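Below is one structure, written out as structure tokens, with a few remarks after it.
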Amino acid sequence: MSSPKRAYVETYGCQMNISDGELMEGILEKAGYEIATSPEAADVILVNTCAIRDHAEQRVLGRVGQLKGLKDEKPDLLLGVTGCMAQRMGETLLERAPYVDLVMGPDGYRTLPAKLGALDRGEAPTRPPVSGKKRGPQLTVLNLDMGENYEGLEQRRTSDVAAWVPIQRGCDHRCTYCIVPYVRGDEKNRKPTEILSEIASIAGSGVTEVTLLGQTVNSYRYDGWDFPDLLRAVARVPGIRRVRYTSPHPNDFTEKLVEVMATEPAVCEQLHLPVQAGNNRTLKRMLRRYTVESFLEKIEMVRAAIPDISISTDVIVAFPGETEEEFEDTLDLMREVRFDDAFTYKYSPREGTPATRMPQEWFIPDEIGSERLQKLIEVSRGIQSEINAGEVGRTEELLIEKPGKHPGFVLGRTRRAKAVVVPGGPELIGSYRWAELTRTTGATFVGELVEVPVGTEVA
């Protein structure tokens, strides 16, 4: 009897990609594969990719080139590229990397075992030579399926502490810089009953924190349910102590959603709300469909209901047509809102998106974009450092997530998503502990574990 084949999934990109990686592992495990812990130990290597920025794609192409060395050593090794970059590049990827056997977009994962089996048996088409080099059988799976939301498929969860739960795939928005609708298709929402059943199973396994995932997660609608309805129901699943969600769109951030966040004890006092730019003219070119003023109203609304909430955001600089004054408006918005954290990016053109067709003279020279990004990072980190310095001395409940960078320490996270390093060993992972925040490095905290009586309210 032959031993089962071993598969290794290497993931790059966002939380949705991480969740997709767990999904692929679950599909393969159910089909009889063993999940390898290293590419060297695998018979199948899948590089699960992101297409948001060109830098991410170049990094993946470099990594795929490295993995070719393993294929040279093991001729039967199958090498696949999956995810958003695979969907975007398609057949072009096979020309750029002719040693790749499989290119599969996000809607193809259900067929993964069958496609790998076809490649194994040599039943896939053989492509014409590239640069005089002969190629073996290769497959592309790139159809977008409007009905595919991966209902009924089980993820192979890699964490015993917290779980990502996709509730939505694709996106109905058409932000001019974003490739997501073109590689993941239109919005597809899962049945609430299936989501709640999955979360009940997660809680039954001992995991107490879940994060609901979607491209614009708060636009969720299904058969009379909206996102606040779903969030309230998830927060009431027995055994779930913490609920988060990402990433919402400002247009669907409503009073009803804020009311659920403020009144359901399991919903964490944390919000990630992408603003992208602090100037209305720039937002209009991005097709974000809100204004700076309406965004600030959302911030005011949630802070009025949840004064202690931690808010993070996404910001893009050097978008085509952005003037120096418009960039300064973004810095001014950062100073006004005072986000606890910000994920900052320099605009990266993605072929196929509307922004790439804007007038050539609108595009910002790379060196100016880099200067603006550095200024934005300095402002953002300065604000974050000031906020965190003001929180030293607080006592917070931590969910211990993983070992720290240094022996004898572990890393936990507060309800407000602040990372805290405390003394302790791996036996603490997955447990809740109280800690006093004793100092901050700017982005993270160092704390000391303390005993807090049951029922004590601590700021």
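The values are calculated or read from the model by the stated rules, or taken from the named source; none is laboratory data. What you see is a predicted model; the values in this text were computed from it and never measured. Neighbour counts are summed over all protein chains in view; Cβ atoms, including those assigned to glycine, are modelled from backbone coordinates with ideal geometry.
Could you tell me whether segment 345-358 includes any residue that is within 26 Å of the chain's Cα centre (by Cα) and part of a strand (DSSP E or B)? For segment 345-358, residues within 26 Å of the chain's Cα centre (by Cα) and part of a strand (DSSP E or B): present.
Only one entry in Glu322, Glu336, Glu351, Glu326 is touching a helix residue (DSSP H, G or I) at 6+ places or on another chain (Cβ under 9 Å) and closer than 30 Å to Glu396 by Cα, namely Glu336. Of the helices (runs of 4 or more DSSP H) lying entirely inside segment 20-111, those carrying at least 1 residues that are acidic (Asp, Glu) are 54-73, 91-96. Would you check if there is a residue in segment 207-214 being surrounded by 17 or more Cβ atoms within 10 Å (Cβ to Cβ), modelled with pLDDT of 85 or more, assigned to a helix (DSSP H, G or I) and in contact with a Leu (Cβ under 7 Å, 6 or more places away or on another chain)? Checked against the condition, which is being surrounded by 17 or more Cβ atoms within 10 Å (Cβ to Cβ), modelled with pLDDT of 85 or more, assigned to a helix (DSSP H, G or I) and in contact with a Leu (Cβ under 7 Å, 6 or more places away or on another chain), segment 207-214 yields no hits at all.
Return a yes/no flag: does segment 279-300 have any residue that is touching a residue at least 40 places away in the same chain (Cβ under 8 Å), among the small types (Gly, Ala, Ser) and within 16 Å of Ser312 (Cα to Cα). No - not one qualifying residue is present in segment 279-300.
Going by the structure shown, is Lys68 among the basic types (Lys, Arg) and touching a Gly at 6+ places or on another chain (Cβ under 9 Å)? So Lys68 fails the test. Scanning segment 151-193 for residues that are within 17 Å of the chain's Cα centre (by Cα), more than 17 Å from Asp252 (Cβ to Cβ) and not in a loop (DSSP other than H, G, I, E, B) yields Ala162, Ala163, Trp164, Val165, Pro166, Val183, Arg184.
Return yes when Ile364 is over 30 Å from Leu449 (Cα atoms) and under 25 Å from the mean Cα position of the chain (by Cα) and no when it is not. So Ile364 does not fit the description; no. Inside segment 321-344, residues that are part of a loop (DSSP other than H, G, I, E, B) and either at pLDDT below 95 or more than 14 Å from Asn280 (Cα to Cα) (or both) make up a count of 3. Exactly one residue among Thr282, Thr246 is closer than 24 Å to Ile306 by Cβ and among the polar types (S, T, N, Q), and that residue is Thr246. Annotation: Ser247 fulfils all but one of (1) among the polar types (S, T, N, Q); (2) modelled with pLDDT of 95 or more; (3) crowded, with 19+ Cβ neighbours inside 10 Å; the unmet one is (2). For segment 223-243, the set of residues classified as within 15 Å of Gln168 (Cβ to Cβ) and surrounded by 19 or more Cβ atoms within 10 Å (Cβ to Cβ) consists of Phe227, Pro228, Leu230, Leu231, Val234, listed by residue number.
Is it the case that some residue within segment 393-406 is surrounded by fewer than 17 Cβ atoms within 10 Å (Cβ to Cβ), in contact (Cβ under 8 Å) with a residue 24 or more places away in the chain and β-branched (Val, Ile, Thr)? Within segment 393-406 (the criterion being surrounded by fewer than 17 Cβ atoms within 10 Å (Cβ to Cβ), in contact (Cβ under 8 Å) with a residue 24 or more places away in the chain and β-branched (Val, Ile, Thr)), the answer is yes, since at least one residue qualifies. Here Ile309 meets the list (1) more than 17 Å from Phe339 (Cβ to Cβ); (2) in contact (Cβ under 8 Å) with a residue 60 or more places away in the chain almost entirely, failing just condition (1). Of the set (1) buried (at least 20 other Cβ atoms within 10 Å of the Cβ); (2) among the polar types (S, T, N, Q); (3) free of Cβ contacts under 8 Å to residues at least 40 places away in the same chain, all apply to Thr193 but (1).
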